[in-house]
């Protein structure tokens, strides 16, 4: 193999190792700590300084500002965080991600095979969080190995006069380097990998510091692409978060562009070796951005809010799900939960309005409930498809359990919607078209049972939202109480029939079927509680239970 081919293979192979190493580090640390970090981010207050440190800390653990920002976009999409809450985190995330490059600047190239072996051993020999940590260590080993491959493979280029001229020409074209680095970073979704390549070329004596600094600026701009892509198709708040991240990066690059030469001289004085100088320049850039923009966070939020105004959503189906977050399961599960709760809200609304249809023979409301069932069915399809795709990711045991539980809950909610639409509303139509009236006592009993079933369904959804086992257990205790109440009201209705009450005779089949349908709804609410407790009951099993009872 000639020298040119050797250099090309070294570049491609080393870049592949860098990219795969970044992926393993991110996946490993997200699996090990992603759930806890998700809760930390969700609990953010409006204190921008606290948010800055949280963002830096979370990203230092995840080793990816893109991962942190995508999580923020996901939380904003799910309505859990506002733009103002996220700006400090965004700026902190940019500081936290510099830790990866600082680690790459250590002279550990000779130890890279050993780090790879130790990471593999920990990954293969352990389970749970330790295994995920092993995956991250393996990723770091591959990062150093990639730098080593690029540095050693491209070293001969230092002796090439032609290549030296090309590099000299590029060093004088800062804008070209910035744009090229931004595009490459957007393509590979890793600023650390791109800066790692710059460190590799510099370590082999090919790339001077003056050429590496524009690459740093471009890599920082390009890292905003992940959040922008993740925000496509989401709500306005999520899009604002992504645009805020991109705006800070672009403005920062523009601010530094006129001062690249003095900035390079300053960075050169921070360390004796060029690898550390590049890492320090990356850190300084992001720290300066935070110092400049954090005091202006409120103004920035107002400007971005005006630039991206709220728009009315007319589309049907899921509004909180974003397939771009599937490779961050902690975020994807949060979105799926939010969408499931939204579906639950629609089901509860239809169930509440059911009683008004029976009380007032409200035909327009009846038709509205029929139409809403189409929305409920669409949401079931969207959420199930999203969760099915999520299952293809590498989930922790806890995440896999939550994904399964949500699938069961979605199916149960759709089943409640079917009971409302295909049973209760059809019974209401019979009552309206037949000009029937419930007896005063009979209607009061239906209303009482209906109120208790609605309350239990809301309790079940509350248990799901809060992951509260005690509330779920309360739902289970209510099941037998409501079943006994349904049997008692069935008995009192039969007594009115024996007494010859005309209203009860006219509405007997409707009345009894309404009681049974409400009991079915309560069983599905119970199934949701079982899912919260990790004891999943499929909708089909509930149906069999009703038939038996």
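Considering 517, 428, 465, the condition of being part of a helix (DSSP H, G or I), in the same structural domain as residue 369 (by TED's automatic domain parsing), surrounded by fewer than 16 Cβ atoms within 10 Å (Cβ to Cβ) and in contact with a helix residue (DSSP H, G or I) (Cβ under 6 Å, 6 or more places away or on another chain) is satisfied by 465 alone. Can you confirm whether residue 443 is part of a helix (DSSP H, G or I), modelled with pLDDT under 90 and buried (at least 16 other Cβ atoms within 10 Å of the Cβ)? Spelling it out, residue 443 is indeed part of a helix (DSSP H, G or I), modelled with pLDDT under 90 and buried (at least 16 other Cβ atoms within 10 Å of the Cβ). In summary, residue 249 fulfils each of the numbered conditions (1) over 30 Å from residue 396 (Cβ atoms); (2) surrounded by fewer than 21 Cβ atoms within 10 Å (Cβ to Cβ) with the single exception of condition (2).
Taken together, the residues in the stretch 353-379 that are free of Cβ contacts under 8 Å to residues at least 40 places away in the same chain and assigned to a loop (DSSP other than H, G, I, E, B) amount to 1.
All but one of (1) outside any helix (DSSP H, G or I); (2) buried (at least 20 other Cβ atoms within 10 Å of the Cβ) hold for residue 393, so report the exception by its number. Result: residue 393 fails condition (2) only. The requirement of being buried (at least 20 other Cβ atoms within 10 Å of the Cβ) and over 24 Å from the mean Cα position of the chain (by Cα) is not satisfied by residue 322.
The values are calculated or read from the model by the stated rules, or taken from the named source; none is laboratory data. Note that this is a predicted model, so its numbers are computed, not measured. Cβ atoms come from the backbone with ideal geometry, glycine included; neighbour counts cover every protein chain shown.
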